[in-house]
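The values are calculated or read from the model by the stated rules, or taken from the named source; none is laboratory data. Everything quoted here is computed from the prediction, not taken from an experiment. So basically every Cβ, Gly included, is an ideal-geometry build from the backbone, and we count neighbours across all protein chains shown. These area figures cover heavy atoms from the full protein model, side chains too; ligands, DNA and RNA do not enter into them. Shrake-Rupley method; radii C 1.70, N 1.55, O 1.52, S 1.80 Å.
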Number of protein chains: 2
Amino acid sequence: MLHELDILAKLLPALPQSPEVAVGPGDDCAALDMGGGILLLAAVDQTVSGVHYTPDTRPERAGAKLLKRNASDIAAMGGVARWVLLATASGGGDGQWVLDFCRGAARAAEELGISLIGGDITALPAAGEVGALTILGTVPKDEILRRTGAKEGDFLCVTGSCGNSFASGHHLDFTPRLAEGRFLASHRLASSAIDISDGVLLDLGRVAAASGTGFRIDTDLIPLRNGAALKQALTDGEDYELLFTTPPDRMDELKKTWRFETPFTVIGRAVSGAGIVDQNGKPLNGGGYEH
Amino acid sequence: MLHELDILAKLLPALPQSPEVAVGPGDDCAALDMGGGILLLAAVDQTVSGVHYTPDTRPERAGAKLLKRNASDIAAMGGVARWVLLATASGGGDGQWVLDFCRGAARAAEELGISLIGGDITALPAAGEVGALTILGTVPKDEILRRTGAKEGDFLCVTGSCGNSFASGHHLDFTPRLAEGRFLASHRLASSAIDISDGVLLDLGRVAAASGTGFRIDTDLIPLRNGAALKQALTDGEDYELLFTTPPDRMDELKKTWRFETPFTVIGRAVSGAGIVDQNGKPLNGGGYEH
C-alpha cells in the first residue's frame, strides 16, 4: 500500500512551478506572488465520513469542520482567510445531507468573514460522503509564516491545549487560530509556524525537517486537553492549534502583547541536531495520526 | 431526492460575498479582483469513478480528464489557466491508482503550462475514487467572458463538434479550448461564452437565462462528432467545446482572424424571448446530462 507521503515523494520532484509560486507544495499553504507585496495563499483539504467524523455527526458540523480545518492552514501561514470553493461527492442519501453540509460550511465561513465563491456537487455510485474544500487567503509577502524559519535557540510555543480532540468533540468545535496567526505574523513574533493536524510530534517533525533544526520538548509543560494523557497530547492530532517558534529576543514582546483569550504555552526550544527529544534528551518517537 | 440545482438554489442566495468578488457562484468560474486590472479566476470540479469515466479507465487518463475539464472552465472565461490544487479520496486500491491519477493530472497540467501547487490525499472507507480539483487562472478585468453578455442579434457559435463524446473517447482525449477562449477575449470577438459540459441545450439555456435572451438554433448547422445523432449533439454533454456569441459587427473580424486548427461554426442567433427554438421556431427541450 502506497502511503500518502510515498505518493507525494514520487510526485513532487517532477512538478514544475511557475515563477509566481513563492511557496510550492509542502507547507500548510502554497503561496502565489500576485504583485503589490501581497501573496495569495491556497490550500485544499478533505473530510470523509467515517474517517474525519463519525457517520452520526450532524452534516452542519461536518461541513463546518471542513471549513475550519482549511482556515487553520491559513492561520499557520499568518494569513487572512478570504475565499473558499467547496466540492461534495455523496451517495445513498436524499440530498438533504449535502445541503446541510454545505450550509454548515457556508455558515462557518460567514462567521470567519470568508466568502464561498464556488462549488461542485456530484453523486457517488456507493454510499458515502466526501467533502473537498479549497481555501484562498492573503498575507503580506514580508510577513508570511513558514515551516522553514525555526532557528536553534528559538522557543517552541503552542496555543491552547493538545490531545483528546476526537473524543472531546474539539475536532468539531474548535476555533481556527486565525487571529493569533495573524498577530504573530504582523508583529513578527514567530520565526516559524504550523497547525497541529496530525499530532505535535509529527507536525513538529515537519518543522524540524523544513528548518533543519532539532527540538527539545519539556513534556511536563505540554497543556493537556480535557484529561488527555501525554501520549495523546503528542500524537492524537486534530488539535488545530498553532505550533510556532519565537526568537529569544522577541519572547518578552510576545508575552507582553499576547491579547487573546486562548493562552500560548512555551513547551520547548529548537536545538542543534535533527530529532525531537524530551527534557532528558530521550528521543520522542510517537508517530501521529495522518489523515 | 434533492437535485444539485435545487441545493444550489437554496444555498446561493444566503451567501454573502466580499467586495473583491467580481463574479460569484453561477458562472464557469468565480472571479476575484486582485487589483492591477487583473481578475483571479477560480473553479472547482470533480470526477468520480463510474460516473465521469468507466472503472477500467487508466488512472492517468482519468486524472488528465479532471485537469482538462477544469481548464475548460477557465477557457470559457477567456482566461489563462495557471495553478491547480488536487484532492483525491480513494479506497480499496493499493495507492498506485492514486499516484497514477495524480501523475496524469500533473502531466496534463504541465502540457498546458499550469502548476500543481497543492493537494490532499485521503482514504475512503469503501472502494471508490473521487478527484476534486480547483483551478486558478487570470484574465484582464476588461476582457473577461461571462454568460451574461449575449444580446439579441448576436451570432451563436461553437468550436469543434458536438455529441457522442463518451462513446468516442473524446471525453478523455479532448483539448480544452484555452487558446481559442483567450483569443476571443483578448480580441473582443465574443459577447458571452460557456463551455459545453452538460449538453448544448442545457448549457445554452444557462447563457439564455444569464443574458436574458432567447436563442434560435439552426439544427442543420450543428457540427456532429463521429456520427453523433442530432439529439446526441444537443444533449450528450462532455463536449468541452466553447459555445459563444459574437456581435454582428464583429463577425467579419472573427472569420478573418480565426487561426486555429479547430474550426468554429455559426449555429444560430440570439433572439428575443427566453427559450431555445429551432429554425422553424419549434421549442428545443432535450434535457441534458448533469454531472
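Picking from residues in the stretch B:237-286 that are within 16 Å of B:Ile217 (Cα to Cα) and among the polar types (S, T, N, Q), the one that is surrounded by the fewest Cβ atoms within 10 Å (Cβ to Cβ) is B:Asn280. Inclusion of A:Asp220 among residues that are touching a residue at least 24 places away in the same chain (Cβ under 8 Å), under 17 Å from A:Leu284 (Cβ atoms), of a type outside the set (Gly, Ala, Ser) and open to solvent by 30 Å² or more (accessible area, probe 1.4 Å) is warranted. Can you confirm whether the stretch A:82-92 contains a residue that is surrounded by fewer than 24 Cβ atoms within 10 Å (Cβ to Cβ) and within 17 Å of the chain's Cα centre (by Cα)? Yes, the stretch A:82-92 has at least one match.
Scanning for something in contact with a Pro (Cβ under 7 Å, 6 or more places away or on another chain) and in a strand (DSSP E or B), does the stretch A:97-112 turn up at least one residue? Among the residues of the stretch A:97-112, not one is in contact with a Pro (Cβ under 7 Å, 6 or more places away or on another chain) and in a strand (DSSP E or B), which makes the answer no. Scanning the stretch A:130-158 for residues that are of a type in the set (Gly, Ala, Ser) and buried (at least 24 other Cβ atoms within 10 Å of the Cβ), we see that the one that is nearest to the other protein chains (Cβ to nearest Cβ) is A:Ala132. Entry remark, the stretch B:93-106: residues being more than 9 Å from every other protein chain (Cβ to nearest Cβ) and under 24 Å from the mean Cα position of the chain (by Cα) number 3 in total.
Consider the stretch A:24-81 and keep the residues that are open to solvent by 10 Å² or more (accessible area, probe 1.4 Å) and β-branched (Val, Ile, Thr). The one that is farthest from the other protein chains (Cβ to nearest Cβ) is A:Thr57.
Residues in the stretch B:222-255 that are of a type in the set (S, T, N, Q) and assigned to a loop (DSSP other than H, G, I, E, B): B:Asn226 alone. Taking every residue in the stretch B:107-129 that is within 19 Å of A:Pro19 (Cα to Cα) and more than 7 Å from every other protein chain (Cβ to nearest Cβ) and pairing it with any residue that is of a type in the set (Ser, Thr, Tyr) and open to solvent by less than 50 Å² (accessible area, probe 1.4 Å), at least 6 positions away or on another chain, the pairs with Cβ-Cβ distances below 8 Å are B:Ala109/B:Ser115; B:Gly113/A:Ser18. Determine, yes or no, whether B:Asp203 is more than 22 Å from B:Gly79 (Cα to Cα), in a helix (DSSP H, G or I) and of a type in the set (Asp, Glu). In short, no.
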